[in-house]
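First the structure, in the form of C-alpha cells, and then the observations on it.
The values are calculated or read from the model by the stated rules, or taken from the named source; none is laboratory data. Quantities reported herein were computed from a predicted structural model and do not represent experimental measurements. Positions of Cβ are backbone-derived with ideal geometry, glycine not excepted, and every protein chain shown enters the neighbour counts. The accessibility values were calculated without ligands, DNA or RNA, using every heavy atom of the protein model including side chains. Shrake-Rupley method; radii C 1.70, N 1.55, O 1.52, S 1.80 Å.
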Amino acid sequence: MIGAPVERVDGVAKVTGAARYSYEEQVPNIAYGVIVDSTITAGRVTAIDAREAQALPGVLLVMTHENAPRVNASAGDRKLQLLQTDAVFYDRQPVALVVADSFETATDAASRVVVSYDRAKPATTMSSPGATTYTPPSANQNSPDTTRGDFAGTFAGAPVKLDYTYVTPTEFHNPMEPHATLAYWTGDQLTVFDASQGVFSRRTSMAKILGVPESSVRVVAKFIGGGFGSKGGTNPHQLLAAMAAKATGRPVKIVLTRPQMFGGFGNRPRTEQRVRIGAGRDGKLIAMAHDVRSQGSRYDDFIENAAVISRMLYAVPNQITTHRGVRYDVVTPTYMRAPGESSGSFALESAMDELAYAVNVDPLQLRLLNYAEIDLSENKPFSSKSLRQCYAQAAERFGWSNRKPEPRSMRTPEGLLVGYGMATSTYPSNRSSASAAATMHPDGSVSATSGGVDIGTGAYTAFTQVAAEAVGVQVERVHFDLGDTTMPMAPQAGGSQLTASVANAVHAAGVDLREKLAALAIGDARSPLHGKLLGELGFGDGRVFVSTQPAVGEAFAAIVRRSGQPSVTGRADVQHDRRQKSPYSSHAFGTHFAEVHVDPDFGTVRLARMVSAFAAGRIVNARTARSQFLGGAVWGVSMALHEEARPDERSGRYMNANLENYLVPVNADIPAIDIILVDEQDEYVNPLGIKGIGEIGNVGSAAAVANAVYHATGKRVRELPITPEKLLT
Ligand code: MOS
C-alpha cells in the first residue's frame, strides 16, 4: 500500500466544498477584522483619526497602538510586536485593526480610518544609500561562511576562470488560499482555526506572545490551500485576531486581501550571488567561491542560505562560501519553498553551464566529471545517492543527445530559436520527532491520527496508506485525521520533513496496534491463536494469523469485540534529535531538462517541454509525489521567466502587489512536464527510507530554463526573471 498511486482521500471533500478551510469554520456570533496597512515603509504614525469609522453602525472596535493590549513579542519578532508603538518598519505594516459585525462593514470602516505619518526617507533597494551590510550569526541554521582547501591560491592559478554575479528577485509566496484565521476565547482558553503549516509551533509561539500557558491554546488546521513557507511562522493576523477577540469578547475572523499578502508575512529575499569558478581545461573543478548577499530587514535576521548547495553538490576541493545580509526598509524575509537551494541553484547551475561552454564540454558530461561521491561539506558518505540514474533516465527520455552544442544552432520549422538546457537538483532529507496513534474499532475500521497538517500536498492520503500497511487492513478501512493540537505531536510541514517524520510515527503506531491485538488473542483461551508466539504470527487483510497456517487466525474486529474494550489503540513516539550526528549525509537528488522556444524578433520565451527525474528514497504515493515534483518544477519556471516583486525606488512600496502584475505562470505557460520517479532504497535515512519531496522540484528548474534560453539565444541573462527586454538589449 505504501507507494501505490492512491487517489486523494480528501479529493471529493475538496471538489464538493465539504472540506472546510479556516475562514469557513463557523461558530456563533462571529465578528470580522480588517487590517489597515501602512502606506509608508519607514517612519512613524503621528495620528489616527478613527471617528468616521467608529461612527458606522456595526463597528465594534478600532484597535491601534494607542489602545491595543500589550504583547510579549521579543526583539527578534519585531513584525509580531503588533500595534505596540507608532514605528513603521515596512510596506503594509498593520497600523490598525477594524472589527465589525460584518466583513463588508469592517472593510468600509477600515477605508475610513485616516492615518497620518511622519515619513522617513527609506532605503528602498539593496544598493540604496542607507542600506547596511552585516554578517549573520547563521544562514538559516547553517554556518554563514565555510572554507575548505585553498581557494585563493588555486583560483589564481587555474587555467580557466569564471567570475559572474547572479541575481534573484524578491518573490512572494502567493498561496491560492490567503492567510486566514478564526480566533475565540472561552474564558481563558483560546481556540484558533488557522491556515497554518504547523499547529504545535503556532500554539507555542502564540501562547508566548499573548502571555498565556500553552495548555490554554488550541490550534486547528484541517485544510490549507498552500503555504510554501508563508504559513510556517506566526504572522500578524493570527495575533491580531486573538487580541481583538479578547477585546471584543467575540470570535474574530481575519482574512487577507491579495495585496495584503505582500505585507507583513515575509517573502523570498532578493539575492545577489557572486560565483567564481577555477577549472582545468578539461572542465574539472579546482576552486569555487560562492558569495551571497541577501535582502534583509532593519530589525531582524533572515538569510537566504543560497550558497549551502554549493558546499555539497560537486567534487570541488578548494572552496569558500559566504552569506551577508543587507538591511534596508523592508519586512523581514522568510522561508519560501526550498529557501536557499532554489535561488542558490540558479547561480551555481548557471555558472556550471557557463563553464561547460567555456571548456567546450557537454553540460551533462561536465556534471558527471565533477560528480560528488561523498558529501565534501561534512566528509561523509551519502546514505544513498542515485543522481547518475536520474541524469541517465531524464537525458534518455528528453533526447539530450539530439542537442547541437552551439548556441543559436537549432530552430523550429517556423523559425523560432530552440534551446536545450539542464541542471541538477538536490534538497536535504530532514526529519523531526513525531507521535501518532492508531485505533481499531469493533467494526474493523481504523482511525489514525497525528497532529501534522496537510498543506495541500496529500498528507491525508499518504498517512492513510502508511497506517493501512502498518496495521494490515485495506486503505478503505482507514480514516486518518490530522491538524489539531489535541492530537499526538507532529512537526510543521516545512523543510520537506513532514512525511519522513510522521509516516515513521504512524507506521510504528500501526505496528503497536496490531501487536496489541495479537497479544489479546494470544492471551485469550477462546481464540484459535491462544498460546502462540508473536513471532509466529502474520498480519494482513484485516486479520492476524499463524504464518505457516494462514487459515488459523482471527479478524482484528473479532478480537476487539471479544476484548470487552470499546476499541484498541496503538501509539508511538518516534524521537529524532536533529543535532545528533549521523554517520551519513542524506539528500534527495534530481535533474531537470528543459526545451525553450524563443522568438528572435520579440524575445518572448516559451517553455516547450521539460523532463525531470528525482530519486528521493521510498515514495509513499506515486500520484501525489508526481504532483509535488511537478509543482516544484513549475515554481522554477516561474522563477526563471515570471516572478518579481518590484519596489518603487522612491517609496519602497511594492508596485505590483496583486496577481495582475505579479506574474506567475498560468496553464498556457506550462506544457506537459514529464516526471520520472527513480527507484531508490535508503536503509539509513529513517526506518521507512523516506526522503522529503516537497521542495526539491523547485531546485535547479529555474537554471535549466535559463540555460536553455542561453542555448537558444547565445545571450546569458544573469538577473531573473528573463524578460523579453533583457533578451533584446
Ligand atoms: Mo518550507 S519554505 O520549508 O515551508
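Considering region 329-415, the qualifying helices (runs of 4 or more DSSP H), each wholly inside and each with 3 or more residues that are within 16 Å of the ligand (Cβ to nearest atom) and buried (at least 24 other Cβ atoms within 10 Å of the Cβ), run over 341-359. Determine whether His592 is part of a strand (DSSP E or B) and open to solvent by 10 Å² or more (accessible area, probe 1.4 Å). No. Residues of region 595-607 that are surrounded by fewer than 18 Cβ atoms within 10 Å (Cβ to Cβ) and not in a loop (DSSP other than H, G, I, E, B): Arg606 alone. The set of residues in region 196-234 being over 16 Å from Ala459 (Cα atoms), away from the ligand (no atom under 16 Å from the Cβ) and open to solvent by less than 10 Å² (accessible area, probe 1.4 Å) consists of Met206, Ala207, Ile209, Val217, Val219.
Applying the criterion of being more than 21 Å from Met1 (Cβ to Cβ) and within 16 Å of the ligand (Cβ to nearest atom) to the residues of region 480-493, the residue that is most open to solvent (accessible area, probe 1.4 Å) is Gln492.
If you filter region 51-89 down to residues that are in a loop (DSSP other than H, G, I, E, B) and over 24 Å from Arg112 (Cβ atoms), you find that the one that is modelled with the lowest pLDDT is Ser74.
Exactly one residue out of Phe172, Phe155, Phe151 is crowded, with 16+ Cβ neighbours inside 10 Å, over 24 Å from the mean Cα position of the chain (by Cα) and farther than 30 Å from Arg579 by Cβ: that is Phe155.
Reported count of residues in region 460-494, each being on the phi > 0 side of the Ramachandran plot and within 22 Å of the chain's Cα centre (by Cα), is 1.
Among the residues of region 435-459, those that are on the phi > 0 side of the Ramachandran plot and within 16 Å of the ligand (Cβ to nearest atom) comprise Gly456, Gly458. When Ala123, Ala152, Ala109 are checked against the criterion of being part of a loop (DSSP other than H, G, I, E, B) and touching a strand residue (DSSP E or B) at 6+ places or on another chain (Cβ under 9 Å), a single residue qualifies: Ala123. Among the residues of region 305-328, the one identified as open to solvent by 20 Å² or more (accessible area, probe 1.4 Å) and within 16 Å of the ligand (Cβ to nearest atom) is Val308. Considering only residues that are within 16 Å of the ligand (Cβ to nearest atom), open to solvent by less than 10 Å² (accessible area, probe 1.4 Å) and out of contact with any Pro (no Cβ under 9 Å at 6 or more places or on another chain), which ones fall in region 494-547? Of everything in region 494-547, just one residue is within 16 Å of the ligand (Cβ to nearest atom), open to solvent by less than 10 Å² (accessible area, probe 1.4 Å) and out of contact with any Pro (no Cβ under 9 Å at 6 or more places or on another chain), namely Ala500.
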